[in-house]
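The values are calculated or read from the model by the stated rules, or taken from the named source; none is laboratory data. Nothing here was measured: the structure is a model prediction, and the numbers come from that model. Every residue, glycine among them, receives a Cβ derived from its backbone with ideal geometry; neighbour counts consider all protein chains shown. Side chains included, ligands, DNA and RNA excluded: accessible areas come from the protein's heavy atoms. Shrake-Rupley method; radii C 1.70, N 1.55, O 1.52, S 1.80 Å.
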Amino acid sequence: MLKKIRIAVSIILFSLITFYFLDFAGFLPESLHGLAHIQFVPALLGLHGILVVLILLTLIFGRVYCSSICPMGIYQDIVSWFSKKILKKKKKYTYSKAKTILRWSVFGATLVTFLFGFTFLLGLLDPYGSFGRMVTHLFRPAYLLGNNVLASIFTSFNNYTFYKVAIYSLSIFSTIVALVSLLVIGFLAWKNGRTYCNTICPVGTTLGFLSRFSLFKIQFVDDKCNMCGLCSMKCKASCIDSKNKIVDHNRCVTCFNCIEVCKRDAMRYALIAPKKKKATQAVPAFTYIKEDKPVDESKRRFLSATLITSIAAGKLLAQTATEPLLPKRELKRITPIAPPGALNFDHFREKCISCHLCVSKCPSHVIKPAFLEYGLGGMMQPKLYFDHGFCNYDCTVCCDVCPTDALVKLTQDEKHHTQMGKVNFIIENCIVYYDETSCGACSEHCPTQAVRMVPYKGALTIPEIEPEICVGCGGCEYVCPAIPYKSIYVEGLTAHNIIEIEHEEVEEMVIDEFGF
């Protein structure tokens, strides 16, 4: 019964989390982004109350998070299940000693790099973040392709239930990382079940430590056990030593396979007696980490000076124009544009685990993973780009779904006054200047009138910018028709600003009768 309950809960949570990433049509309610908040690392970084619940859950019932809540853990179970079906033979696991040095070395490296502001390793190894990248960069394009195929078939019969959507390549680097994660973790699961959870995953190491003190544990019933070894052969965590009747509770993920397979009821999941508590055997494994070690947090901001200096250089590029036609100039954005709610680069890099939920859910498709724009520590963290759209002035979806508060929640009014970047104008590239052709598209799409048209030559008007009231939405950059280089673009800011925008008050006209 316990195993059936675990499987049912796992299937429900895994399906909802996966389809929430895949859903582009808004079929699932937006409130389901709460499923991301119940993941361990997002709850830890966001300091959500659910973190206390997860810790208490582990201290009472063991690693049920790894067993039924973590999508990467469930993915490994699915791969392991398929391996049994495809190989058409009984899968036999064997007990193996814990890779204590390896798992705590990985955990220590992840912890130290995180404390020094280098969150890339945490984002790379976090099971939820890794699973999110797999869905976003591998499963989602296949899902959209399937939708487009169905749209073509249904449309041929004049049925428009499905509609075609664009499929973009978001990031080669992130796609490669997602593919490697899929293959490596899948291979380990195919061969040995939960190897990744018990050797590499920092969440598994943390919860494994806590589960040593859990109240309910898998345990042998000595007078019923005949040491047949069935429990060990079905243990996907390889943590049951049937010969010595020992269960390594550090690695046990409470899957209940051992209880299900035992024919003599010699395995049970029950409240363990305090007198059987043995903590001394595993103490040496944890002497590698000293949590009270002082950390020089000032190193987190070693990039700030360089990034701030780069802004001034960007502003000087589009200031002058001479009478002769100047050659067109390539757009080179120096500072990336962090999504709304990022506050500043330091906050963003420390909180973001690159799960790419914001990338999947952005309705305008303007968020994609960065490579080295934020530095080494910010690889795969999201940035704005305006090749296929611009940031909707009223949209706050990315802030709403972010599970770690890397993007803090913003109301629509707060979003309207958040400056993510500043507009820059390269007159040499403008078609009004170069071709003496009327345009004005950039001004028409600016929600704050940071770009407006002023008299130029004869009846022509040319853009004039006011960067101080620009919110950095990228509407002007997206619609600019200049080729091969845009004449107007948004330069990012290392820290978002709050701006005040003056709106002209429109007097209400009272019309008597018909107004004639």
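What is the Å³ per residue value for the convex hull set by the Cα atoms of the stretch 1-139?
Numbers: hull volume 23.1 nm³, N = 139.
It comes to 166 Å³ per residue, whole-number rounded.
Under 15 Å from a point 7 Å along the Cα-to-Cβ line of L59: which residues of the stretch 173-214 have their amide N that close?
207-214
Multiplying the sequence separation of V221 and T411 by 0.36 nm and subtracting their Cα-Cα distance, what value in nm do you get? Show your work: numbers first, answer last.
Details: separation 190, 0.36 × 190 = 68.40 nm, distance 5.72 nm.
Gain on extension, V221 to T411, equals 62.7 nm.
Could you give the length gained by full extension between E260 and K91, i.e. 0.36 nm per residue of separation minus their alpha carbon distance, to one decimal place? Each step should come with its number before you reach the end.
On the way: separation 169, 0.36 × 169 = 60.84 nm, distance 1.49 nm.
Stretched out fully, the E260 to K91 stretch lengthens by 59.3 nm.
Output wanted: per-residue J couplings in Hz (rounded whole) for the stretch 227-234, from phi through Karplus 6.51 cos²θ - 1.76 cosθ + 1.60, θ = phi - 60°, x for Gly and Pro.
Computed from phi, the couplings for the stretch 227-234 are 6, 6, x, 4, 4, 5, 5, 9 Hz.
When the solvent-accessible surface of protein heavy atoms is calculated with a 1.4 angstrom probe, in what order do S232, S105 fall, highest first?
Details: S232 15, S105 70 Å².
Largest accessible area first, the residues go S105, S232.
Could the peptides 465-475, 207-217 be put in order, highest first, of the mean number of other beta-carbon atoms found within 10 Å of their residues?
Highest to lowest by the protection proxy: 465-475, 207-217.
To the nearest 10 degrees, how steeply does helix 2-22 sit against the main Cα axis of the chain, on a 0 to 90 scale?
Once rounded, the angle reads 10 degrees.
Angle check, please: helix 71-87 long axis (alpha carbons) against the longest principal axis of the chain (alpha carbons), in degrees 0 to 90, nearest 10.
For 71-87 against the chain, the angle is about 60 degrees.
Can you give the FRET efficiency to the nearest 0.05 for V454 and F19, using r as the Cβ-Cβ distance and R₀ = 35 Å? Working shown, then result.
Numbers: r = 50 Å, r/R0 = 1.43.
E(calc), rounded to 0.05, equals 0.10.
Nearest 10 degrees, 0 to 90: what angle lies between the long axis of helix 50-61 and the longest principal axis of the chain (Cα atoms)?
Approximately 10 degrees, to the nearest ten.
Given N residues in the stretch 363-508, what is its alpha carbon radius of gyration divided by 2.2 N^0.38 Å? It would help to have the intermediate numbers written out before the result.
Values: Rg = 16.5 Å, N = 146, 2.2 N^0.38 = 14.6 Å.
Relative to the rule-of-thumb radius for its length, the stretch 363-508 sits at 1.13.
Mind checking the full-extension length gain between D435 and T155? Use 0.36 nm per residue of separation minus the Cα-Cα distance, one decimal, nm.
Numbers: separation 280, 0.36 × 280 = 100.80 nm, distance 4.23 nm.
The span from D435 to T155 would gain 96.6 nm if fully extended.
Hey, what's the stretch 224-275 come to in accessible area per residue, 1.4 Å probe, Å²?
50 Å²
For the pairs K92/K263; K85/K243; K4/K99; K191/K243; K3/K99; K3/K234, note any where the Cα-Cα span goes beyond 21 Å.
Details: K92/K263 17 Å; K85/K243 28 Å; K4/K99 30 Å; K191/K243 23 Å; K3/K99 27 Å; K3/K234 13 Å.
Correct reply: K85/K243; K4/K99; K191/K243; K3/K99.
If each Cα of the stretch 82-177 is one equal point scatterer, what is log10 of I(q)/I(0) from the Debye formula at q = 0.19, 0.23, 0.25 Å⁻¹?
Each listed q maps to, in turn, -1.00, -1.09, -1.14.
Post the alpha-carbon centroid distance, the stretch 405-432 to the stretch 465-480, in whole angstrom.
Computed from Cα coordinates, the inter-centre distance equals 6 Å.
In nm, give the distance between the simple-model label positions of K84 and F116, each being 7 Å from the Cα along the Cα-to-Cβ direction.
For K84 paired with F116, the spin-label model returns 4.4 nm.
What distance in nm separates the simple spin-label points at S31 and I5, each placed 7 Å from Cα in the Cβ direction?
So the label points at S31 and I5 sit 2.5 nm apart.
Based solely on its DSSP helices, what 222 nm [θ] is calculated for the chain when runs of n ≥ 4 H residues each add -39,500 (n - 2.57) and the sum is averaged over all residues, nearest 500 deg cm²/dmol?
That calculation yields -11000 deg cm²/dmol at 222 nm.
Arranged from highest to lowest average of other beta-carbon atoms within 10 Å per residue, in what order do the peptides 334-342, 404-412 appear?
On the way: 334-342: 25.2, 404-412: 18.4.
Top to bottom by mean Cβ count within 10 Å: 334-342, 404-412.
Could you sort L150, L271, L384 by their accessible area in this structure, using a 1.4 Å probe and putting the largest first?
Working: L150 70, L271 105, L384 5 Å².
Per-residue accessible area, sorted high to low, gives L271, L150, L384.
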